[in-house]
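In what follows, a structure is listed as C-alpha cells, so that the remarks can point back to it.
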Ligand code: S6P
Ligand code: ZN
C-alpha cells in the first residue's frame, strides 16, 4: 500500500446512486430471490419475478474473513410493495455474532429494523444524514417506506459473515406494512 501524502486519487468514491473506483462487486436481489421473506406469498408469486427490489455495490479491499479488515457498501432499495408490505432487504445476523456495523442514510426514507436473539425488535428512521450503529448480536433489515429509492451506506468487519438462514426460517418479529396510505408496524 502507498502511504505518500496527498495521493489525489481516492480508492473508491460514492454517492447515493453508486460506488466506483476499484473493482466493485454488484449484487441484485429480485422478487424471485425474496419470495420467502414477504408475508403475502400469493402476491409475490403473481409479480414479475425479474423485478429488481434492491441492489448493493460492495468494495471488498481484503479477503472475506480477514480479521481486523473492513468492507464498504451502498444499498439502493426501489420503492414498491408486495401486497401491503414495503420492499425491504433480506436482513441477517452476522455469522460471527459479536460483529457490529454502521449504516447511514443517503437518500429517500425508510425504517431500519433491529432485532436481538430473543426476537425483541425496534425501529429507527433511516433517511439522508442519519447514522445508525448496529451492535453485534442484532439482526438488521432496511424497509423502504417512501415512494422514491432509498439508499444507504454500510461499513462492516470483513470477518462478520452473513447468517441469512435464521431470518429465512423465522423472519423478523415485526413487519412494516401500508394501511390506508400510512405505514404501520405489525407483530408476527
Ligand atoms: C452487510 C450489510 C449490507 C447488506 C445490504 C443488503 O453486512 O448489512 O451491505 O448486505 O444492505 O442486505 P442483505 O440483508 O440482503 O444482506
Ligand atoms: Zn450486516
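Could you go through the stretch 142-164 and let me know if any residue there is in contact with a helix residue (DSSP H, G or I) (Cβ under 8 Å, 6 or more places away or on another chain), at pLDDT 95 or above and either within 23 Å of residue 15 (Cα to Cα) or away from ligand 2 (no atom under 12 Å from the Cβ) (or both).
Going residue by residue through the stretch 142-164, those that are in contact with a helix residue (DSSP H, G or I) (Cβ under 8 Å, 6 or more places away or on another chain) are none.
There is no residue in the stretch 142-164 that is in contact with a helix residue (DSSP H, G or I) (Cβ under 8 Å, 6 or more places away or on another chain), at pLDDT 95 or above and either within 23 Å of residue 15 (Cα to Cα) or away from ligand 2 (no atom under 12 Å from the Cβ) (or both).
Residues 151, 166: which one is surrounded by fewer than 16 Cβ atoms within 10 Å (Cβ to Cβ) and touching a strand residue (DSSP E or B) at 6+ places or on another chain (Cβ under 8 Å)?
On the way: 151 fails: surrounded by fewer than 16 Cβ atoms within 10 Å (Cβ to Cβ).
That would be 166, the only listed residue that is surrounded by fewer than 16 Cβ atoms within 10 Å (Cβ to Cβ) and touching a strand residue (DSSP E or B) at 6+ places or on another chain (Cβ under 8 Å).
Residues of the stretch 41-65 being farther than 27 Å from residue 119 by Cα, away from ligand 2 (no atom under 16 Å from the Cβ) and outside any strand (DSSP E or B), which ones?
Selection gives 45, 46, 47, 48, 49, 50, 51, 61, 62, 63.
Being part of a strand (DSSP E or B) and within 11 Å of ligand 1 (Cβ to nearest atom) is the filter here, so list the residues in the stretch 156-188 that pass it.
So the first thing to find is which residues in the stretch 156-188 are part of a strand (DSSP E or B), and the list is 156-157, 163, 174-179, 182-187.
Result: 156, 157, 163.
The values are calculated or read from the model by the stated rules, or taken from the named source; none is laboratory data. All figures in this text were calculated on a predicted structure; none of them were measured in a lab. Quick reminder, even Gly has a Cβ in these numbers, built from the backbone with ideal geometry, and neighbours come from all protein chains shown.
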